[in-house]
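The values are calculated or read from the model by the stated rules, or taken from the named source; none is laboratory data. Bear in mind the structure is a predicted one, so any value in this text is a computation, not a measurement. Here the Cβ positions follow ideal geometry from the backbone for every residue, glycine too, while neighbour counts run over all protein chains shown.
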């Protein structure tokens, strides 16, 4: 039964922890979201449950977590809409050979390395309830992801959004995200179809029909929102509510089809009109509650499922090191060499690789889906969460080391001069 | 690719346990509630949590079709997805108690 006092207490504790740790991380030049992710881990068995098991059990009893999960899932649905909304596929246009090559290699290289790593990890961290194909595909997809929102925030905080490298990184990350989510949708269908009561063809045909309806029917109706926005300079509460309902209906459609709630929310955001002031208006409307209130709940729920250093023995640290090295080699190395092959100077190519290696909370979203559908084990989940934290944490200091701010800012000034 | 690679038998999930009705171990059995076992598995390692009111946790290993923990040994039998556990529990002050465990309906698993 719902214990409202406990739920409100949990939310309060999570928000305080997220803000405090986020603030401390900002002090060491990390994005706020990195601190919020770490706060979630600290509230779980990896720290609070280890240092004060009594407090942890009283504050987060297992029976209460279903409510926290439900709230965090609602937050993720809105957040994925926001991620889709911020994506602009046309951004890739105009960056030519470098963007196309880098974005493709930055998916293929980590995907292949992730699949190869699965050969070693499958017998050690999985079980015969999961096929090797499902496990390997998931590992590939999880290694390939770039955290588009975190990347955008890092670039904004460093004033690099308008630099050549910044715009290229955003464009490549957008392509990576769309591709990564398509791969993940395929894996979820592959995994769920074997258990679903409805035949596979219903899921596949239904998914194709859903995408076609979204692209060729719903998308053509959405500019009406933009026109209403132009007329009044804002949207009425009723129109905002209609957008929310459309997001929820799209999410429910993909969940019913057996893909996942989040895909529907993401696609709804992706097909919204992309006029900058309209997008900014909607981002402002949706982002604050999601980012301040609901995302920290998701980080905490993720942290409560993560057991870094708890159980599994010393081999777990070896597997963790291996996953981190493979993830960095595939994503950072792959992107860097592709950018270099496309003619970028080494320093810029390396910086682009570092930026593309940021996995952030998109990785956590994917990992939670993987754990929910049972394609990865709890220990594999913890290892991958650690990898997500390490690759996100290393971005800012490594970028500063390879390409100091003063040089990057000079590039921005030069780019602005050229535009003028 | 990966056709020759075998992973350990799957035992993760919640298990309902039937003990030998002839067992004489009231002190050990009276504390347990169904589902008695909750198993979190990662490869050949597993954490078994007993539903005994204290959430006693046992580290276990799976070798072939054998599950072994400090106070429990069992054989994993049956087809994939329909595994059962058959073995013995060691309760303090009692002779080992035979049991048979069946897994409750699982959450959807990856590509089984």
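Points worth noting:
- Reported count of residues in region B:18-49, each being over 15 Å from residue B:94 (Cβ atoms) and either in contact (Cβ under 8 Å) with a residue 60 or more places away in the chain or crowded, with 20+ Cβ neighbours inside 10 Å (or both), is 12.
- Residue match in region A:32-44 (condition: touching a helix residue (DSSP H, G or I) at 6+ places or on another chain (Cβ under 9 Å), surrounded by fewer than 21 Cβ atoms within 10 Å (Cβ to Cβ) and closer than 16 Å to residue A:58 by Cβ): no
- Top-ranked residue of region A:20-31 - restricted to ones that are in contact (Cβ under 8 Å) with a residue 12 or more places away in the chain and surrounded by fewer than 18 Cβ atoms within 10 Å (Cβ to Cβ), ranked as nearest to residue A:396 (Cα to Cα): A:29
- Those helices (runs of 4 or more DSSP H) of region A:71-189 in which at least 1 residues are in contact with a strand residue (DSSP E or B) (Cβ under 9 Å, 6 or more places away or on another chain) and crowded, with 24+ Cβ neighbours inside 10 Å, considering only elements entirely within it, cover A:96-125.
- Residue within region A:365-379 that is crowded, with 24+ Cβ neighbours inside 10 Å, in a helix (DSSP H, G or I) and in contact with a strand residue (DSSP E or B) (Cβ under 9 Å, 6 or more places away or on another chain) present: yes
- Residue count for region B:34-52, restricted to those that are under 15 Å from residue B:84 (Cβ atoms) and facing chain A (nearest Cβ under 7 Å): 0.
- Filtering region B:23-45 to residues that are touching a strand residue (DSSP E or B) at 6+ places or on another chain (Cβ under 9 Å) and part of a loop (DSSP other than H, G, I, E, B) leaves B:23, B:24, B:25, B:31, B:32, B:34, B:35, B:36, B:43, B:44.
- Cβ-Cβ contacts under 8 Å between residues 6 or more apart (or on different chains), taken from a first residue in region B:1-15 that is more than 7 Å from chain A (Cβ to nearest Cβ) to a second residue that is part of a loop (DSSP other than H, G, I, E, B) and at pLDDT 90 or above, are listed as B:11/A:127.
- Summed over region B:71-90, the residues that are closer than 20 Å to residue B:9 by Cβ, without any contact (Cβ under 8 Å) to a residue 24 or more places away in the chain and assigned to a loop (DSSP other than H, G, I, E, B) give a count of 3.
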